[in-house]
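Chemist: Got a structure here, written out as structure tokens. Questions coming.
Any read-out appearing in this document is the output of simple, stated calculations on the displayed coordinates, not a laboratory observation. The structure presented is a predicted model; accordingly, all values stated were derived computationally and were not measured. All Cβ positions, glycine included, derive from the backbone under ideal geometry; neighbour counts span all protein chains shown.
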Amino acid sequence: MVIIMRMGATTKEIGDVIQRVEDQGFKAHPVYGVERTIIGVIGDDRPRDPTAYEALAGVERVMRVLHPFKLASRDFHPENTIFRLNGLTVGGDELVVMAGPCAVESREQILETAQVVKEAGAKILRGGAFKPRTSPYSFQGLGEYGLKLLAEARAATGLLIATEVISTRDVPLVAEYADILQIGTRNMQNYALLHAVGEARRPVLLKRGMMSTIEELLMAAEYILSHGNNRVMLCERGIRTFEKYTRNTLDINAIPALKQLSHLPVIVDPSHGTGKWDLVHPVSMAAIAAGADGLIIEVHPHPEDALSDGVQSLRPDNFARLMDDLRQLAPVVRRTL
Amino acid sequence: MIIVMRMGATSKEIGDVIKRVEELGFRPHLSAGVERTIVGVIGDERPLQPDQWELLPGVERVVRILQPFKLASRDFHPDPTVIRINGVTKLADARQKDPQDTSPMAARPQVSIGGDEVVVIAGPCAVESREQILETAHAVKEAGAKILRGGAFKPRTSPYSFQGHGEYGLQLLAEAREATGLPICTEVMAPGEVPLVAAYADILQIGTRNMQNYALLHAVGESHRPVLLKRGMMSTIEELLMAAEYILSHGNYHVMLCERGISTFEKYTRNTLDINAVPALKQLSHLPVIVDPSHATGKWDLVDAASRAAIAAGADGLIVEVHPDPARAMSDGAQSLKPEKFAQMMSNLKRIAEAVDRKM
């Protein structure tokens, strides 16, 4: 941490800040410049709230030097996190594609989709049973019945299941059916929920909040990791910007940035990242080219009849075409699919 | 255009709106719903101002149906525009006069942007010295860049920052072109400077801060040089296409659209590369799309990944900052690649281009 004193801060003010730093068990390293004095704080200052120093007289502002996350940081864990899941490897050379409908709507719909995405090469079936919808009047998901249908689709196809959990209460229930617990964008900072999935024994797909920074995403991952669950996947799914032609702006920079800052696998959601089915193909290609470890894509057998996200869902034939192109691209970035 | 009437609009109010639509030579199409009545306006609505209609009593809001751009639109020009960068006439003449000439100028291949080939424009942010621009030009050419970039007139956020060498910078760029055969792309900031810059440059760049400088768009619209139009950092895709429309409407059809990152709440990177904009622009428009991964990330170590993504998403080219000694650069050092990093990146990009059926 670096404390920048105001122009004209008095010797007493500077002395008080140094005293305070030392009282807290850190070493103070003052640098007297021409216009300003700055004080370096030496030691692991992560537990300290930097803004507390800003309350001291004569302090202009405080800058963090260390990343506020530790378990999620590549500095402390230089090797990529790679974990196995029923014969599938996440975070390694193999690209992981999760595909399926936004919501589980019916037995027929989920079984049909599971079959087609499997044929195209997806390894994990996605599908929401508990849906966090913007409007309380929209379809809220089939709940436990939806989970049962997902389990049936798994039994029929051998695909693993990724599905969202939206309440701490539901974690044990969802973990009983799902292979991967998804934390949705609206719950990225639902700390009680992060705590609960941190104690679950299932890998977690953590979606970036639509209004959250890369650092906030990594801090959310830190919550899960700090509760003992090491199998966290970070998911870039687009952020909110002034550009309204697309539903969100996929932050492609976040992919290499997250891979540099963290050892955790990075999965990209081009469906929410664009909100338009006809942009999903090029943006999926871009994500893999940028170094993503996998994709989560919405596929629906009849998008026009979908109960949610139809406009961003691929038809099975378009999904198969995308998978073909991804197979051509993967070796160029030294990945397999 | 669709006019949505307020809940409870009177039949007189609706009638007045219909009358006004007819007076302006359009055909109204009424549909009375359960809660609201809407009036469709049939005809080319582009010259109409939607907000004026909102002044009429009983009108809630007005929604445009047609894209406000026409010349830039793929609807009116389904085939992609391919821009040939021919370079200055002197060079073409030299090639014709002496077929035995083996100088770099004579061997210079023609560059097409918007076709099968992915074209890379590379060079320093600013032309700093003769040595710097010549060294960079040779290095980027060696690595496979087809066009040299470099700023002579620099729009800097701070009036105290280096503002560029002006015409001397243009002369150095021309010298680098002579030495390497690379066409040059450089920014023009003022309408009065367009003739000067056009005398030296093969491509005129409009910077992000000037995307809506309409006098400048008008001036480059009347010049005979291709234009690289950068998206404003706070401008939408539609606003970018409207800026292109300005240039096209003044008779210059050689416009390249450049996605260079937008300003968002994410401050870890200088800008957020709007990767969605690449396929979106290709769908909406026939103009070539160039991506600037240097400004879009602001960090040299993210440039490689962002460049790969851009080509995988369908970009027609890249404009990349390369500096022989980024630590000593007078601007944008943090986002500039060293020549060896650039060369390494170029060999990877070639394979990405092939994977999406493009050449490089």
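Chemist: Using only alpha carbon positions, build the gyration tensor of segment B:1-54, then give the equivalent ellipsoid semi-axes as the square roots of 5 times its eigenvalues, largest first, whole angstrom.
Modeler: 19, 11, 10
Chemist: Also, I was wondering about something else. Roughly speaking, what is the stretch gain from B:Arg61 to B:Tyr253, that is 0.36 nm per residue apart minus the C-alpha to C-alpha distance, in nm to one decimal?
Modeler: Extending this stretch completely gives an extra 65.6 nm.
Chemist: Moving to a separate point now. Helix A:214-226 versus the longest principal axis of chain A: what is the Cα-based angle in degrees, 0 to 90, to the nearest 10?
Modeler: Computed tilt is about 80 degrees.
Chemist: On alpha-carbon atoms, Rg over Rh for segment B:241-360 using Kirkwood Rh? Present the calculation step by step, with values, prior to reporting the outcome.
Modeler: Values: Rg = 15.0 Å, Rh = 15.1 Å.
Using only Cα positions, Rg/Rh for segment B:241-360 is 0.99.
Chemist: Roughly how tilted is helix B:339-355, in degrees to the nearest 10 and between 0 and 90, from the longest Cα axis of chain B?
Modeler: On a 0 to 90 degree scale, this one is about 50.
Chemist: In a GNM of chain B with a 10 Å cut-off on Cα contacts, which of B:Val255, B:Val41, B:Val120 has the highest mean-square fluctuation?
Modeler: Comparing B:Val255, B:Val41, B:Val120 in a Gaussian network model of chain B, the most mobile one is B:Val41.
Chemist: Let me ask you something else. For the pair A:Thr336 and A:Thr11, how long in nm is the line joining their label points, each one 7 Å along Cα→Cβ?
Modeler: Placing both labels 7 Å beyond Cα along the Cβ direction yields 7.0 nm.
Chemist: Right, here's the next one. Using the Cα atoms as the points, what is the convex hull volume per residue of chain B in Å³? Don't skip to the end; give the middle numbers.
Modeler: On the way: hull volume 59.9 nm³, N = 360.
About 166 Å³ per residue, rounded to a whole number.
Chemist: Sticking with this one: Calculate for chain B the 222 nm mean residue ellipticity that helices alone would give, adding -39,500 (n - 2.57) per DSSP H run of length 4 or more and normalising by residue count, nearest 500 deg cm²/dmol. Mind dumping the intermediate values first?
Modeler: Values: 12 runs with 125 residues, N = 360.
It comes out at -10500 deg cm²/dmol, rounded to the nearest 500.
Chemist: Out of all Cα-Cα pairs in segment A:1-70, roughly what percent, to the nearest whole number, are more than 16 Å apart?
Modeler: Numbers: 959 of 2415 pairs.
Counting pairs separated by more than 16 Å, the tail of P(r) holds 40 percent.
Chemist: In addition: Setting aside same-chain residues fewer than 8 positions from B:Lys70, which lysines have a Cα under 22 Å from its Cα?
Modeler: Straight-distance partners of B:Lys70: A:Lys244, B:Lys230, B:Lys282.
Chemist: Skipping prolines and chain starts, which residues have an amide H placed within reach, meaning under 5 Å, of the one on B:Thr264, given they are 5 or more residues away or on another chain?
Modeler: Under 5 Å from the amide H of B:Thr264 lie the amide H atoms of B:Thr272, each far enough along the sequence or on another chain.
Chemist: Give me the one-decimal nm value for the distance between modelled label points at A:Asp49 and B:Glu54, 7 Å along each residue's Cα-to-Cβ direction.
Modeler: Placing both labels 7 Å beyond Cα along the Cβ direction yields 4.2 nm.
Chemist: Here's a follow-up. Which of B:Ile113, B:Ile18, B:Ile237 ends up with the largest GNM mean-square fluctuation for chain B, with Cα atoms connected below 10 Å?
Modeler: Maximum among the listed residues: B:Ile18.
Chemist: Let me ask something else. Whole-Hz ³J(HN,Hα) for each residue in segment B:159-174, computed from phi via Karplus 6.51 cos²θ - 1.76 cosθ + 1.60 with θ = phi - 60°, x for glycine and proline: what do you get?
Modeler: Running phi through 6.51 cos²θ - 1.76 cosθ + 1.60 with θ = phi - 60° gives x, 8, 7, 3, 9, x, 8, x, 4, 4, x, 5, 5, 5, 4, 4 Hz.
Chemist: Something else now. Sort the following peptides by mean Cβ neighbour count (other Cβ atoms within 10 Å, averaged over residues), highest first: B:277-290, A:172-185, A:263-276, A:281-294. Could the numbers behind the result be given before it?
Modeler: Values: B:277-290: 24.4, A:172-185: 20.4, A:263-276: 26.0, A:281-294: 27.6.
Descending mean neighbour count gives A:281-294, A:263-276, B:277-290, A:172-185.
Chemist: Report the calculated FRET efficiency for A:His77 and B:Tyr160 (r = Cβ-Cβ distance, R0 = 41 Å), to the nearest 0.05. Kindly include the intermediate steps, with their values, before the conclusion.
Modeler: Values: r = 43 Å, r/R0 = 1.04.
The formula returns an efficiency of 0.45 here.
Chemist: Taking chain B as a Gaussian network, where each spring joins two C-alpha atoms under 10 Å apart, which residue of B:Pro183, B:Pro47, B:Pro28 fluctuates the most?
Modeler: Result for chain B, Cα springs under 10 Å: B:Pro47 fluctuates most.
Chemist: Still on this structure: Please list, in chain and number order, the residues 5+ apart from A:Ile82 or on another chain whose amide H is under 5 Å from its amide H, with Hs placed from the backbone.
Modeler: Counting only residues 5 or more places away or on other chains, the set is empty.
Chemist: If you don't mind, there's one more thing I want to ask. Tell me the relative contact order for chain B as a rounded percent, counting alpha carbon contacts under 8 Å between residues six or more apart.
Modeler: RCO, chain B: 15 percent.
Chemist: Taking segment B:111-204, which chymotrypsin sites (Phe, Trp or Tyr not before Pro) meet the DSSP loop condition and have no more than 14 other C-beta atoms within 10 Å?
Modeler: Counting only loop positions with at most 14 other Cβ atoms within 10 Å, the chymotrypsin sites (Phe, Trp or Tyr not before Pro) in segment B:111-204 are B:Tyr160.
Chemist: Let me ask you something else. How high is the relative contact order of segment A:1-117, given as a whole-number percent (alpha carbon pairs under 8 Å, six or more residues apart)? Each step should come with its number before you reach the end.
Modeler: Working: 133 pairs, mean separation 27.7, N = 117.
It rounds to 24 percent for segment A:1-117.
Chemist: Using 7 Å Cα-to-Cβ label points, what is the B:Lys19/A:Lys244 separation (nm, one decimal)?
Modeler: About 3.2 nm separates the two model spin labels.
Chemist: May I pose another question? Return a whole-number percent for the relative contact order of chain A, with Cα pairs under 8 Å and 6 or more residues apart as the contact set.
Modeler: Result for chain A is 15 percent.
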